[in-house]
1. Here is a check on your reading of the model: is Leu232 at pLDDT 95 or above, hydrophobic (A, V, I, L, M, F, W, C), within 10 Å of the ligand (Cβ to nearest atom) and not in a helix (DSSP H, G or I)?
2. Looking at the stretch 235-258 only, could you name the residues that are part of a loop (DSSP other than H, G, I, E, B), aliphatic (A, V, I, L, M) and crowded, with 23+ Cβ neighbours inside 10 Å?
3. Return only the number of the condition from (1) more than 8 Å from the ligand (Cβ to nearest atom); (2) surrounded by fewer than 23 Cβ atoms within 10 Å (Cβ to Cβ) that Val227 does not satisfy.
4. So is Thr469 in contact with a strand residue (DSSP E or B) (Cβ under 6 Å, 6 or more places away or on another chain) and modelled with pLDDT under 95 or not?
5. Looking only at the stretch 124-141, which residues are out of contact with any strand residue (DSSP E or B) (no Cβ under 9 Å at 6 or more places or on another chain), outside any helix (DSSP H, G or I) and crowded, with 22+ Cβ neighbours inside 10 Å?
6. Are there any pairs with C-beta distances below 7 angstrom linking a residue in the stretch 413-436 that is over 30 Å from Met169 (Cβ atoms) to a residue that is outside any strand (DSSP E or B) and of a type in the set (Asp, Glu), with the two at least 6 apart or on different chains, and if so which?
7. I need every pair where a residue in the stretch 212-235 that is over 23 Å from Arg282 (Cβ atoms) has its Cβ under 8 Å from the Cβ of a residue that is in a loop (DSSP other than H, G, I, E, B) and among the aliphatic types (A, V, I, L, M), sequence separation at least 6 or different chains.
Amino acid sequence: MTDPIYPDPGTGSDSTILCIWTTGFAIAPPYLYNMMFLAPLLIFLSGLYSQVTATWPNYVVDELEHLLVDTDRFNDAGFQKAITPCQNYVNGSQLLGRETAAQGVRVAFHDFVTANVQAGTGGIDASIGFETLRPENSGAAMNDSLAFFAPFVNAEVSMADMIALSIVMVVGTCSSPSIAVPLRGGRVDATEAGPFGVPEPETDIDTTLNQFSLAGFNQEDAIGLTVCGHTLGSVHHAGFPQVVPESAVTLNNTGGGVHFDATPAVFDVDVLREYLEGNGQRGGPLVTTDNITVRSDLRLYLSDNNATLRGLAESDSKFISTCVSLLERMIDTIPSSVHLTDDIVPQELKPINISLAVDADGHVQFNGYIRLLSTAFNPTDKVQISWRSRGGASSPAFETSASAASMGNSSMFGTTFYHFFNTTIDPTNGISTFDVSVLGPSSSAQTFSNGGVGYPIEDLAIFLSHETTIAADGTLSVHAAVLTSADVLNVTAVVSAPSPQIGTLSPTIAKSEVILEAVGTRGLYTLYGAQVPAVTNVQQTTAELIAYGPEGDVYRDTFRRISH
Ligand code: HEM
């Protein structure tokens, strides 16, 4: 396992750290390759490379990576802001004493713990959304979290992936130095409630341990996971009056929250220390409450006479590495039918919002951004793009532009800077793939070609995102351009729209397939259009354009956002 502490964004020049986060591109400073004594490190790193050689595009990976890395100003995905600072509460008044970051960790536990790993069912599958009225899921955290996550869900990012992402974002954001829980993607949302089985403050110790055991966590794991979770947040009188007395309610804490430790907005070892040393919050209300029946943390911690907790208290790094491992196992507990991606790591060079458009003169406009990460690149580096025509002929490279507005966005993984480009492609020869080269002030150019095959782009069938319009009632008018000479028989669009779902705040993805009609021509292209029923979340509604050629050939322009 890698060091669970994220590299300090300011230390990108450290070659070891740089290599650990290199994504998909088998590059390292050349001198590394010549240093025999680093052979074991290289073997270790090659293992990491093989984990991260995802070719572009990989929509699940690219979307989750965006949420994880793009957390500031230009291209901000918007997730991290909600938990910054970590005591922030996004769903209501700050006076309630609630914490969005802590709620996200609790909801993941409640979704996970009803897994039955023997049967291969449950785990992180967002079934919690259908289970929020159960007494075992009492409190504001479940629906608050689902309401916060719902606007991010789309055809590629499930609610279950958002629940997992939340653990990674919360632990990474609410720790210093930032603690890295590995993230994988591809979870699938349940369409109905799962079984009961979340431990409650009243639950006896045998039942509690059995519930953890069904989910694949033994006694030591259960104790560890609980103390790792209870480093954040509070027990609230509203929701748990049997644990926290009304006296906790004040004008500044109307929900009556009592913290587990003195630092409820920091993912740290304090809860453990305070419990073992008997100071501060002494482990929190589930240890100290006057109502003995609901001292569930105390029962759990004492079930092995504090042996697990003493072991974890040996050092901060022991506590952190154990928590990382347990939390990773928790979010990767999924139904056996679901398969996860490899670890999602920050991409040091990433094409962003790459699209084609057909202008009024029938020329193809090829545009987008190249995002660079400071762990591998400098803001002054130049970025060039070259492309291959439909027939495979290479174009001369052209330079992109770096605008001040898109430079210097900070993230847990370093600083991002964006290079914008827009160039005209002759539609007769077209474009099929592109490569990106980065030129430092003194070094020779490094060329990135998506594992040698080039970054693919479809120019026979183009979804015209920028021409998509949305009526006041949410009805979409979708537009596309298909090369007339492709002689296609049929053009359809599958629009994937997050839509309300009965019984949960988690959206379902409603797919509407529409046949597009030819509506005119623009240069070498035929234009197509169709109306699609109203959508509710324009930001996350996406389309796939599919054009069927006469010889059974199919051209796809996939995962296109309809709003910009
Ligand atoms: C025997 C096992 C557990 C029991 C009985 C239990 C019970 C509780 C209760 C009653 C609360 C108060 C909720 C509220 O007032 O809103 C709470 C809060 C919390 N729990 Fe647990 N818990 C257990 C294990 C875990 C685990 C394993 C995790 C995570 C890995 C976790 C994470 C949290 C977090 C982060 C909070 C704070 C939520 C907030 O501030 O809104 N819990 N827990």
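1. On the way: at pLDDT 95 or above: yes; hydrophobic (A, V, I, L, M, F, W, C): yes; within 10 Å of the ligand (Cβ to nearest atom): yes; not in a helix (DSSP H, G or I): yes.
Here the answer is yes, as Leu232 does meet what is asked.
2. In the first step, residues of the stretch 235-258 are kept if they are part of a loop (DSSP other than H, G, I, E, B); the result is 237-245, 249, 251-252, 254-256.
From what is left, the residues that are aliphatic (A, V, I, L, M) are 238, 243-244, 249, 251.
If the condition is that a residue be part of a loop (DSSP other than H, G, I, E, B), aliphatic (A, V, I, L, M) and crowded, with 23+ Cβ neighbours inside 10 Å, then Val243, Val244 are the ones that fit.
3. The number of the failed condition is (2).
4. In short, yes.
5. Within the stretch 124-141, the subset out of contact with any strand residue (DSSP E or B) (no Cβ under 9 Å at 6 or more places or on another chain) is 124-125, 133-138, 141.
Next, only the ones that are outside any helix (DSSP H, G or I) stay: 124-125, 133-134, 138.
Passing the criteria: Ile124, Asp125.
6. Gly430/Asp459; Ile431/Asp459
7. Partner pairs satisfying both residue conditions: Phe212/Val113; Leu214/Ala115; Leu214/Val117; Ala215/Val113; Ala215/Ala115; Ala215/Val117; Gly216/Ala115; Gly216/Val117.
Listed here are the residues, each with its yes/no results for (1) acidic (Asp, Glu); (2) crowded, with 17+ Cβ neighbours inside 10 Å.
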{"position": "Thr416", "(1), (2)": "no, yes"}
{"position": "His419", "(1), (2)": "no, yes"}
{"position": "Thr424", "(1), (2)": "no, no"}
{"position": "Ser437", "(1), (2)": "no, yes"}
{"position": "Glu458", "(1), (2)": "yes, yes"}
{"position": "Ile462", "(1), (2)": "no, yes"}
{"position": "Ile470", "(1), (2)": "no, no"}
{"position": "Asp487", "(1), (2)": "yes, no"}
{"position": "Pro498", "(1), (2)": "no, yes"}
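The values are calculated or read from the model by the stated rules, or taken from the named source; none is laboratory data. On a predicted model such as this, the values are computed, not experimentally measured, just so you know. Quick reminder, even Gly has a Cβ in these numbers, built from the backbone with ideal geometry, and neighbours come from all protein chains shown. Surface areas here come from the heavy atoms of the whole protein model, side chains and all, with no ligands, DNA or RNA. Shrake-Rupley method; radii C 1.70, N 1.55, O 1.52, S 1.80 Å.
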